[in-house]
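The structure under discussion appears below in the form of structure tokens.
The values are calculated or read from the model by the stated rules, or taken from the named source; none is laboratory data. Bear in mind the structure is a predicted one, so any value in this text is a computation, not a measurement. Don't worry about glycine lacking a Cβ; one is built from the backbone with ideal geometry, like all the others, and counts go over all protein chains shown. Quick note on the areas: whole protein, heavy atoms, side chains included, nothing else; ligands and nucleic acids left out. Shrake-Rupley method; radii C 1.70, N 1.55, O 1.52, S 1.80 Å.
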Amino acid sequence: MNYVRLYRRVEIDGKKGKLTLKSYAKVPYNISMDIESSYASGSRETTTVTVLGMPKEDINYLAKGANARVYAGWYGENGTSNNVGIIMEGKLASPTPSTVDSSGKSTTITIVDGSNYDKIAEIKKKVTTARSVSAQKTLDQTITTYNSKMNAQRRKWIDNHPNATSKQLRAYSHTIITKKSAFAKKKRQEYVKQKANHTAKAKVSKKTKYKPLSFAKNTKGSSIIKKIAKEAGIKIYKLKLVYDKKFTKGYTAKSKPMAAIKSVASQCKTPISYPNGRLEIADYSKNKKSGLHLNYDTGLLSEPEPQDDSDDGLQHYQVTALFRPYFTTGYIFYLESTVITGWVLINSGTTSITDDSGQSTLDVVDYSKYKKKNSQSVKKAKTKDQKAKEKLDAANRKKLKEKQRRRRKK
């Protein structure tokens, strides 16, 4: 397909209804609209849309926190075929007031990737524990409580009658003993009667606490992430871990849900990203290769430039190419150039679309080397976890032997 016409569409679910802005050089959709977008592994990014001559009635649709979607792509020569796709979905951060510059009146709309889950409070589950006390024990406690009450009454009488004779003291003490005996006799008779009728009941005491969300021993990382996300209302569009680690000691989510998810994902050697504004926790080494072969005939605009500032042990290259809506984190394509030729994976990138051009600047790495690094990382993690498990099993065996030894002594 020959790319001849840039298409842009912004949809905003505003407070007054849905606002749709379109631009593809065709009346009435020929408004001037510039888009600057970025994407990277591990962070939420922003997209800015600058509209020239936006009517006041359209500006009134804009409200912070409103849902927004940005689409872009190319139309072919016949005006029907196209490769238009969504390039981001998120929330309006802060639509700025209209400004007047050399080009005229413009309105800039800032959209942040996806939903902000970082502010969701720590999840705590209501836990009610019930402790059952036998009917016999309850009876004994009732009698003991009454006896304590009578003893306190006797001590108070003695304090209030300092001049009482021995005879008077013995008489009062006898009264107290008689009351205690009568009470105990009555309660025991009631208990025997209840027991004979099978109505003697145990006393149940309940205690309620709120505890952090916790998981049993040997729970997989994927199960932990899914449960936390479900409880917190976090939507994950794709979950495919590099290493689905088993948490041998279990796991307790003592932090905010998103922080806990990031921690578990990190231990599972898996990056978190927001391709097209949608939260993904994915193993990019398992992504399918696309059908794109990028060269100077298909949209490569200049020779890739090696980058020297990476800290992940991989050689990165900066690639400048004609914009495609499917360019995003984790996208794999075949690159043909004098600097590097082969399958590459996008680590991050930026997109710039104006009335006259659509261009993407990509940070890519060699796909085979990326896969190899992932494989080595998983191997190290598995070895480390296996050693930790063996150490834990040895400690548990030692505790069991010590327990058995104490029992034998008894």
Practice problem: Look at the stretch 245-295 and say how many of its residues are over 26 Å from K384 (Cβ atoms), small (G, A, S) and open to solvent by less than 30 Å² (accessible area, probe 1.4 Å). | Solution: 2
Practice problem: Can you work out which of the residues in the stretch 24-57 that are of a type in the set (S, T, Y) and more than 15 Å from I87 (Cα to Cα) is modelled with the highest pLDDT? | Solution: T50
Exercise. Considering every residue within the stretch 321-338, establish whether at least one is within 25 Å of A265 (Cβ to Cβ), within 28 Å of the chain's Cα centre (by Cα) and open to solvent by 70 Å² or more (accessible area, probe 1.4 Å).
Key: yes
Exercise. Within the stretch 272-281, identify whether any single residue is of a type in the set (S, T, N, Q) and either in a loop (DSSP other than H, G, I, E, B) or more than 26 Å from T46 (Cα to Cα) (or both), and answer yes or no.
Key: no
Quiz prompt | Residues that are free of Cβ contacts under 8 Å to residues at least 40 places away in the same chain and either touching a Gly at 6+ places or on another chain (Cβ under 9 Å) or under 28 Å from R9 (Cβ atoms) (or both), drawn from the stretch 325-355 | solution = F327, I346
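Can you say whether K119 is exposed (fewer than 11 other Cβ atoms within 10 Å of the Cβ), over 30 Å from Y71 (Cα atoms) and either of a type outside the set (F, W, Y) or at pLDDT 85 or above (or both), as far as the supplied structure shows?
When the stated conditions are applied, K119 does not pass them.
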Exercise. Check whether at least one residue in the stretch 196-214 is at pLDDT 90 or above and open to solvent by 60 Å² or more (accessible area, probe 1.4 Å), and report yes or no.
Key: yes
Quiz item: For the stretch 159-170, what are the residues that are out of contact with any His (no Cβ under 9 Å at 6 or more places or on another chain) and either at pLDDT 90 or above or open to solvent by 60 Å² or more (accessible area, probe 1.4 Å) (or both)?
Solution: D159, N160, H161, P162, N163, T165, S166, K167, R170
Quiz item: Tell me, which residue of the stretch 350-368 that is among the small types (G, A, S) and open to solvent by less than 10 Å² (accessible area, probe 1.4 Å) is nearest to the chain's Cα centre (by Cα)?
Solution: S360
Exercise. Being of a type in the set (K, R) and within 23 Å of K372 (Cβ to Cβ) is the filter here, so list the residues in the stretch 299-332 that pass it.
Key: none
